[in-house]
Each structure stands twice: as structure tokens, then as C-alpha cells.
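A short write-up of the structure that comes next.
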Amino acid sequence: MTDTPHPMSPKQAVRCHALLPCAGSGSRAGTAEPKQYQPLAGLPMVLHTLAAFTAVERIERCLVVVAPGDRFLSVDDLRIQLARVGGSTRAASVFNGLQSLLDSGADASDWVLVHDAARCLVTPAQVEALIDACAGDPVGGLLALKLPDTLKTEAGGRVAATVDRSDKWLAQTPQMFRIGALQAALAAQAGTGFAGVTDEASAMELAGQQPLLVPGSAQNFKVTYPEDFALAEAILRSRA
């Protein structure tokens, strides 16, 4: 893996880049080091994530945004690059990473697929499906899952109401938007510390856009809590 930007190939009709914010501490996971570096099925979690994206030929490169002092990753793959510009929040890391893409030759009209490093169960087929669905869309979109469970609101520890779930979706990643449009949407929220920006789609929504919902998979969950590691390990080993 290299920190040195590489010249981009000649402009194609549709160019796609992957951006993985990888600067989080993973405090909810209860691990001694960032969860994205915890071993799963013999490899650090983030390497499973990167393997899915590098298996997709339409992904020109994968930019991994890490904290400035992070020296964990070392991978000999010219399609994987590091940007040591991680911020204090996920949104800040993505915002900084987008600028790194532009500084190293990406065009504002190129697509970027932003993906959580801890969603290590994403498959190349899911990435391909998102690209197929969004490549001709004027806005872009995200993988998401129709809410499968009954949803309740709470008051004082008790059920206050049952919420209609027919139009509810669980947002996943990757989320695919034009680099320039996403950067502008995030820039508009930078003054508030990206308040209300929980993912890229929410930034686009605040900019007045309606991202496309592309059906994902229940297995594409974000490893967040200690019990998630065993499930992710089991799934990875079953695939092997």
C-alpha cells in the first residue's frame, strides 16, 4: 500500500472509486485496538472489506482514510491507497477523503462508493448491484434493507406506540454519489460539525436530494458490538 497518489488512467465514461473511513476507535466493540483491525477468519476485518472491493473491476481504486498517526495497514496493492487525513467524526473523515481523491486526480463527476470498514461481509455482487442501479441515476443511492421487525417508540421504558414499518428501511453501505455533489453536501454542514449527518445519504438529503434505495442483504451488517464478531466470523468461514 502506498501513501503516494498515482496518476489516474484516461477518463472513462463512468469511473468509480471506493472510500473507506477507517479512523474510528470502535469504542462500542469493547476491543483494545480499533475494531476494523481485529482479526476475523485469520485477517484483520478491514482486509476482508477491501477484498470485496478490489474484486470489482469497475472500482478504479480504494482510498482508505486512517488517522494521521495510524501505521497499522501495509498492503502491496496499487489499487489500495492510504490517506492519513482521518477526522474526529466519520463525516469529517469522508469529507477529507473526498478532497484527497480530487487532489490525486479524481474528477468531481466521478462516482465514489463510501463504505464502512466494519461492514466486512459485503460481497462483490452487492457492490456490482449498487453500481448497476446508480450509474445512470442523477443522484446516486445506497444499499438498504427493508425493516423486517416491528418497530416501537418508547416513553419511560415502556411502549408508547407501534410504528408503521411499510416504508422504513435500514441504511447500509456502500453509498454511491458523485464526488463533487457529495463534497458540496458535506461542506454545507461542516460549519455545524456535520450535525445530523449520520451517513452520506443524510448529507445528500439535507442538500435536497432523494437518494435511490437499492436492496441489500441482512448479512451486510456493521460489526459494532462484541457479539457481532462471532457472527461475522461464522459467516466468513462458511463462505470459505
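Regarding the range 67-75, can at least one residue be identified that is of a type in the set (D, E, K, R) and modelled with pLDDT of 95 or more? No: zero hits. Restricting the range 115-145 to residues that are closer than 27 Å to K35 by Cα and of a type in the set (D, E, K, R) leaves a set whose member that is surrounded by the fewest Cβ atoms within 10 Å (Cβ to Cβ) is E128. When you check E154 against the structure, is it open to solvent by 70 Å² or more (accessible area, probe 1.4 Å), not in a loop (DSSP other than H, G, I, E, B) and not aromatic (F, W, Y), yes or no? Yes. If the condition is being over 22 Å from F194 (Cβ atoms) and either free of Cβ contacts under 8 Å to residues at least 40 places away in the same chain or part of a loop (DSSP other than H, G, I, E, B) (or both), then the range 70-89 contributes R71, F72, L73, S74, V75, D76, D77, L78, R79.
Comparison of A125, A144, A171 shows that the only residue that is among the small types (G, A, S), under 29 Å from A234 (Cβ atoms) and part of a helix (DSSP H, G or I) is A125. Scanning the range 196-240 for residues that are surrounded by fewer than 17 Cβ atoms within 10 Å (Cβ to Cβ) and among the hydroxyl-bearing types (S, T, Y), we see that the one that is nearest to F95 (Cα to Cα) is T198. With the requirement that a residue be within 18 Å of Q175 (Cβ to Cβ) and open to solvent by 30 Å² or more (accessible area, probe 1.4 Å), what does the range 49-97 give you? Of everything in the range 49-97, those that are within 18 Å of Q175 (Cβ to Cβ) and open to solvent by 30 Å² or more (accessible area, probe 1.4 Å) turn out to be R58, E60, T89, R90, F95, N96. For beta carbons closer than 6 Å, sequence separation of 6+ or different chains, a first residue in the range 90-108 that is under 9 Å from I179 (Cα atoms) and part of a helix (DSSP H, G or I) and a second that is at pLDDT 95 or above and open to solvent by 20 Å² or more (accessible area, probe 1.4 Å), the qualifying pairs are L98/Q183. Just to be sure, is I80 more than 18 Å from Y37 (Cβ to Cβ) and β-branched (V, I, T)? Criteria not met by I80. Only one entry in G136, G157 is within 25 Å of E60 (Cα to Cα), of a type in the set (G, A, S) and over 17 Å from the mean Cα position of the chain (by Cα), namely G136.
Count of the range 131-143 residues, restricted to those that are over 16 Å from E205 (Cα atoms) and touching a Pro at 6+ places or on another chain (Cβ under 6 Å), is 0. Annotation note: of Q219, Q210, the sole residue that is closer than 26 Å to D107 by Cα, part of a loop (DSSP other than H, G, I, E, B) and not aromatic (F, W, Y) is Q210.
Quick check on the range 33-48: of everything there that is hydrophobic (A, V, I, L, M, F, W, C) and not in a helix (DSSP H, G or I), which residue is surrounded by the fewest Cβ atoms within 10 Å (Cβ to Cβ)? The residue in question is L43.
The values are calculated or read from the model by the stated rules, or taken from the named source; none is laboratory data. Values in this document were obtained by computation on a predicted structure and should not be read as measured data. Using ideal geometry, Cβ is built from the backbone for each residue, glycine included, and neighbour counts are taken over all protein chains shown. Heads up: the accessible areas ignore ligands, DNA and RNA and are worked out on the full protein's heavy atoms, side chains in. Shrake-Rupley method; radii C 1.70, N 1.55, O 1.52, S 1.80 Å.
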